[in-house]
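Contents: one structure, followed by commentary.
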Amino acid sequence: MIEFVDLLRQYEAIKEEINHAIQQVINDSAFVGGPYVSKFEEEFKDYIGTKHCVGCANGTDAIELGLQAMGVGPGDEVLVPAISWISTAEAVTMIGATPVFVDVHPDFYTIDIDQIAAKITERTKAIIPVHLYGQAVDMVSLMALAKSHNLKVLEDCAQAHGAQYNGQTVGTFGDCGTFSFYPGKNLGAYGDAGAIVTNNADIAERVAMIGNHGQQGKHNHLIEGRNSRLDSIQAAILSVKLPYLNEWTEARIRHARKFSELLDASKVIAPNEIDNGKHVYHLYVIRSNDRTGMQEYLLNREVQTAIHYPQALPLLPCYQRFGYRMEDFPHAARITSEILSLPMHAGLREDEIEKVCALINQF
Ligand SMILES: *Cc1c(COP(=O)(O)O)cnc(C)c1O
């Protein structure tokens, strides 16, 4: 079986270091907070190029905490793309605000910047661009638009560790950027983990406070917060993996080039890359007018694929209350019916890519 993501293959390559790091945390009994968390926060802010990084429990919480820290709350509207993992919209409703969906660009599948202005009302408070599949949104245009309407920007970078636009790393453009270190992400922990990066000291301080029961110092609860902390074992694992991330990203990009070179363009649509972007290929997503048949055909021949995502966010049953129809999001509706994510991880081998492409070209 050619697996969609092979986490064991990565572990085998760095086993000694990982095992040692976990053992160290146990030996130190430093399970929550403390030096392992601060160390990773320092390293990750340097990697991304922001002044601050605050760890939290997962990438969904990161969005929620970031929005709260930026002052978004009940009564506010937040613009989100029609295609993303549900967390992007869920975090908005969790803080009492309302997600307003914007259709996606027909070629890049990320938020269609030209359609944002029409969705802005006097209640709009923020925009969440999602660097979907590892491809950066044109953050120069998006920031200019946000500025002219006085909107906050939270970049959802859960799929885009190290992606760039115009040579600048994503997560550094907006008021803050949020990351997930879910095991299958480009930088993955061995459980749930997340972080917020920002150049704004006030946002960093508020995120840290809200995620640790509203405390500033022990037992000084200035506000009611919650518990969303980065686990120390996960932080220690992430510190081991971070130095490998660039190498892994280059491997992903190489694999993507190979796929695009071998796939028959008359059969499927390969991913399009935005000008001036650096796509880090969290996912390699093709389009086919028979993706269900293709998925089954591949599975029967030992190739695992996935769909990210089979339905546009506004059309999910949980958002029925908004009364959206397919015609409201023509690009997202069409794209979600055609996409198929091929196996993609740094450890993928060339012969595996060749096999997958040969099968697709035969289909
Ligand atoms: C994975 C993901 C998240 C959520 O991260 P978790 O760590 O799973 O909570 C948010 N947004 C996007 C786009 C994601 O892919």
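The values are calculated or read from the model by the stated rules, or taken from the named source; none is laboratory data. Owing to the predicted nature of the structure, the values given are computational and were not obtained by experimental measurement. Don't worry about glycine lacking a Cβ; one is built from the backbone with ideal geometry, like all the others, and counts go over all protein chains shown.
For residue 89, state whether it is under 20 Å from residue 321 (Cβ atoms) and within 18 Å of the chain's Cα centre (by Cα). Yes, satisfied. Sub-6 Å Cβ pairs linking a first residue in region 74-88 that is of a type in the set (S, T, N, Q) to a second residue that is within 14 Å of the ligand (Cβ to nearest atom) and assigned to a strand (DSSP E or B), at least 6 apart or interchain, are 84/130; 88/80; 88/130; 88/156, ordered by first then second residue.
Per the listing 260, 239, the residue uniquely of a type in the set (Ser, Thr, Tyr), touching a helix residue (DSSP H, G or I) at 6+ places or on another chain (Cβ under 7 Å) and either in a helix (DSSP H, G or I) or crowded, with 16+ Cβ neighbours inside 10 Å (or both) is 239.
Restricting attention to region 1-58 and to residues that are aromatic (Phe, Trp, Tyr) and in a helix (DSSP H, G or I), the residue that is surrounded by the fewest Cβ atoms within 10 Å (Cβ to Cβ) turns out to be 11. From the list 96, 33, 71, 49, the one residue that fits, being modelled with pLDDT under 95 and not aliphatic (A, V, I, L, M), is 33.
Filtering region 158-166 for residues that are over 17 Å from residue 198 (Cα atoms), without any contact (Cβ under 8 Å) to a residue 24 or more places away in the chain and surrounded by fewer than 24 Cβ atoms within 10 Å (Cβ to Cβ) leaves an empty set.
Under the condition of being in a strand (DSSP E or B) and either surrounded by 15 or more Cβ atoms within 10 Å (Cβ to Cβ) or under 17 Å from the mean Cα position of the chain (by Cα) (or both), the residues counted in region 174-222 number 12. Among the residues of region 126-142, the ones that are out of contact with any His (no Cβ under 8 Å at 6 or more places or on another chain) and either within 17 Å of residue 185 (Cβ to Cβ) or away from the ligand (no atom under 14 Å from the Cβ) (or both) come to 10 in all. Within region 143-172, the residues that satisfy the criterion of being away from the ligand (no atom under 16 Å from the Cβ), on the phi < 0 side of the Ramachandran plot and either not in a strand (DSSP E or B) or not hydroxyl-bearing (Ser, Thr, Tyr) (or both) are 143, 144, 145, 146, 147, 148, 149, 151, 152, 164, 168, 172.
Just one residue in the set 137, 78 is aliphatic (A, V, I, L, M), modelled with pLDDT of 95 or more and in a loop (DSSP other than H, G, I, E, B); that residue is 137. Of all the residues in region 225-247, those that are without any contact (Cβ under 8 Å) to a residue 40 or more places away in the chain and more than 25 Å from residue 134 (Cα to Cα) number 2. If you filter region 69-114 down to residues that are within 15 Å of the ligand (Cβ to nearest atom) and over 19 Å from residue 318 (Cβ atoms), you find that the one that is surrounded by the most Cβ atoms within 10 Å (Cβ to Cβ) is 111.
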